[in-house]
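Each remark here refers to the structure printed beneath this line.
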Amino acid sequence: FEKNSDKANKWYKKYRSIIKDDQQGIDKLIQSVLNYLSRKRYNKTTEKEIKKHLNYFKKHKKFMQYATFSERGWPIGSGVIEAACKSVVKQRMCRSGQRWSIKGGQAILDLRAIAKSNRWDGFWKHFSDVYYTKNAA
């Protein structure tokens, strides 16, 4: 389709919805693109660009199972990750006057991730069990 044409926008909206709501959404999108490639002639530059994007979807489709992720209550956008980076990393690592080695910073971030995900009690029980079992001998 021509960029920003009515046909392009209609196709985009259709497949955006299919990808988000259908278990086989990415496969349907890939099939649609393959159908267009087999039926229509494109100039070499456009065909190369289409194939580049098609290969991206083929290579990354296991990460784009949005219907499954939504059913499981998992986020499908980047907002949750961005907020976690700010909450877990930025607020802890960038305080005034602090300097971290890579090893020390990673240790602090590991503990902060455990605490922020409400898994502290389970971690501490596991750590205590391993530590006391190892040192009891």
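The values are calculated or read from the model by the stated rules, or taken from the named source; none is laboratory data. Not measured: the values here are computed from a predicted model. Methodologically, a virtual Cβ is constructed for each residue, glycine included, from the backbone with ideal geometry; neighbour enumeration extends over all protein chains shown. We work out accessible area using only protein heavy atoms, side chains counted, and drop any ligands, DNA or RNA first. Shrake-Rupley method; radii C 1.70, N 1.55, O 1.52, S 1.80 Å.
Among [x] 14.6; [y] 20.2; [z] 9.1, only one was calculated for this model; which label is it, if the read-out is mean projected area of the Cα convex hull in nm²?
The calculated read-out lines up with [x].
Can you give the angle from 0 to 90° between the axis of helix 102-116 and the longest principal axis of the chain, with both taken from C-alpha atoms, to the nearest 10?
Once rounded, the angle reads 80 degrees.
5 Å is the cut-off here: which amide hydrogens, built 1.01 Å from N in the peptide plane, fall below it relative to Q24, excluding neighbours closer than 5 in sequence?
So Q24 has HN proximity to no qualifying residue.
Just flag the chymotrypsin sites (Phe, Trp or Tyr not before Pro) in segment 24-107 sitting in loop per DSSP whose Cβ has no more than 16 other Cβ atoms within 10 Å.
Y42, W100
Sort T133, T68 by accessible area with a 1.4 Å probe, largest first.
T133, T68
Under a plain spin-label model, where a point goes 7 Å from the Cα along Cα-to-Cβ, how far apart in nm are L37 and L54?
Result for the modelled spin labels: 0.2 nm.
Would you mind getting the accessible area per residue of the chain, heavy atoms of the protein chains only, 1.4 Å probe, in Å²?
Per-residue value: 84 Å².
Could you work out how far apart the two model spin labels at A113 and R99 are, taking each label as a point 7 Å from the Cα in the direction of the beta carbon, and quote it in nm?
My value for the distance between the label points is 2.6 nm.
Can you send over the carbon and sulfur percentage of the accessible area for segment 54-137, probe radius 1.4 Å, protein chains only?
About 59 percent, which is the carbon plus sulfur part of the accessible surface.
What FRET efficiency do you get for S5 and S70 if R0 is 30 Å and r is their Cβ-Cβ distance, rounded to the nearest 0.05?
Efficiency, rounded to the nearest 0.05: 0.50.
What's the magnitude of the charge dipole for the chain around its Cα centre, counting Lys and Arg as +1 and Asp and Glu as -1 at the beta-carbon? Answer in Debye, nearest 20. Before the final figure, lay out the partial values.
Values: 31 positive and 12 negative charges, 124 e Å.
With Lys and Arg at +1 and Asp and Glu at -1, about 600 debye.
Compute the angle between helix 44-60 and the longest alpha-carbon principal axis of the chain, please, reported from 0 to 90 degrees and rounded to the nearest 10.
The helix 44-60 is inclined about 40 degrees to the chain.
What's the angle, to the nearest 10 degrees (0 to 90), between helix 6-21's Cα axis and the longest principal axis of the chain?
In the chain, helix 6-21 runs at an angle near 40 degrees to the longest axis.
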